[in-house]
1. Which order, highest average first, do 242-250, 154-162 follow once you tally other Cβ atoms within 10 Å for each residue and take the mean per peptide?
2. How far apart, in nanometres, would the label points at ARG244 and SER73 be if each is projected 7 angstrom from Cα along the Cα-to-Cβ direction?
3. Can you pull the one-decimal nm distance between simple spin-label points at GLU237 and ALA259, each 7 Å off the Cα toward Cβ?
4. Calculate how large, on average over all directions, the projected area of the Cα convex hull of segment 82-138 is; give the answer in nm² to one decimal.
5. For a Förster distance of 25 Å, can you work out the FRET efficiency between the beta-carbons of VAL190 and ILE126, rounded to the nearest 0.05?
6. Quick check: convex hull of the Cα atoms in segment 169-236, volume per residue, rounded to a whole Å³?
Amino acid sequence: MTTTRKRPAHVALPFAKLLLPVPLIALCAAPARAEAPSSEMLPPSSSSSSPPPASPATAESPAPPPPWHQGISEDRKQMALALFKEARIFHRRMMFAEARAKYEEALISWEHPELRLYLARVLRSIGLPVLAYDNLRLALRWGPGSLDADKEQEARAVLRALVAQELAAIEIRCDEPGATVLMDGKPWFVGPSTQRQMVTPGEHVITARKDGYFTVAKPVVMLAGKEASGQLVVRPETTVTTPRWPAWLPWATVAAGVAVAATGSVLMWDAESRNARDHLRNQLDCGSSCEPSDDYRYDASVNEGWLATGTLLVGGATALTGAVMLFMNGPQSYRNEERGDVKIEIRPAASPGAAMVTVRFVL
């Protein structure tokens with residue numbers, strides 16, 4: 001009969017000690033994974049307030065932090081990060097108005113290029129391409145490296161698409177000091193200056209104002225992918241004082257009237273003299289008792305008398321007209337008609353893929 005010996009229980013104890021750490025490691029790893037930051041948060045390289053560790057060779061002079069970190073306290077960064085998390089929740093739910101408000105509130109605490117990028121995405125989604133363009137420019141203003149490579153490529157691609165498909169550019173120069181230039185009734189800049197503005201396609205009115213100068217306003221119709229450039233010229237609002245007629249004209253009219261009237265007087269005197277001679281001749285031929293014949297009707301003297309009377313009337317009327325012109329020829333004031341102008345040239349915007357056809361017209 002074979003007898004089997006039982007292994008003592010204390011022999012398996014070492015194996016239990018070896019397997020015990022495995023569940024403990026699993027339990028500790030689970031909270032660590034739960035506390036890991038979301039991949040949609042600001043990148044560690046940009047959200048950290050401390051620069052990367054320096055090598056021993058450069059330990060004495062560490063690299064300065066990026067510009068958007070300078071002068072920003074940790075409290076403000078944490079506040080911006082919390083607002084960013086709330087904005088991302090609204091953004092994923094397509095609650096764009098709420099997301100925009102949170103992004104803008106976060107930017108008040110921390111001017112971060114990635115916040116500008118996220119805000120530009122929202123603004124483009126709700127149909128505000130001009131504001132989206134401005135925020136993308138602000139996101140890239142610190143140059144390469146301010147965003148991750150993929151996000152920087154996205155920002156530049158969206159900028160090109162906005163310029164070519166959804167926006168137009170207007171660049172205006174005004175050399176008049178103190179002249180206020182307005183775009184669609186809203187103040188733009190004060191001269192002398194040259195400014196460039198992105199606008200939506202459609203009609204836009206450019207206005208220049210200055211006290212004592214004529215107001216200049218010109219409409220410009222813009223198409224997507226076009227760029228307009230021009231110069232504003234304003235003129236002083238002056239009052240010009242001149243006589244109604246040249247000074248010589250009334251005097252010449254009076255002189256002409258006097259000359260014509262004098263001619264009529266001479267003709268009248270000659271007609272009366274001829275009439276008297278003809279009457280005397282008739283009396284000598286016929287006597288005092290005979291009737292004048294048809295040949296002695298004083299035709300020449302009568303006609304000359306009528307001509308003299310007409311000449312006197314014309315001369316008198318002309319002289320009277322000249323006198324009235326002298327009375328009315330006082331100084332007349334009117335405003336200068338040179339009011340300035342806006343000359344606009346429209347051409348394709350400088351963007352990749354734009355058609356190289358220039359459309360030019362001057363308003």
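Read-outs throughout are calculated quantities, based only on the coordinates presented, and are distinct from any laboratory measurement. Quick caveat, the model's predicted, so the values are computed rather than measured. Glycine also receives a Cβ, built like all others from the backbone with ideal geometry; neighbour counts cover every protein chain displayed.
1. On the way: 242-250: 12.8, 154-162: 16.4.
Ranking, from highest mean packing down: 154-162, 242-250.
2. Result: 7.9 nm between the two label points.
3. Between GLU237 and ALA259, the simple spin-label model gives 4.7 nm.
4. Details: hull surface 12.9 nm².
Seen from a random direction, the Cα hull of segment 82-138 projects 3.2 nm² on average.
5. Numbers: r = 32 Å, r/R0 = 1.27.
E between VAL190 and ILE126, to the nearest 0.05, is 0.20.
6. Values: hull volume 4.6 nm³, N = 68.
Cα-based convex hull of segment 169-236, divided per residue, equals 68 Å³.
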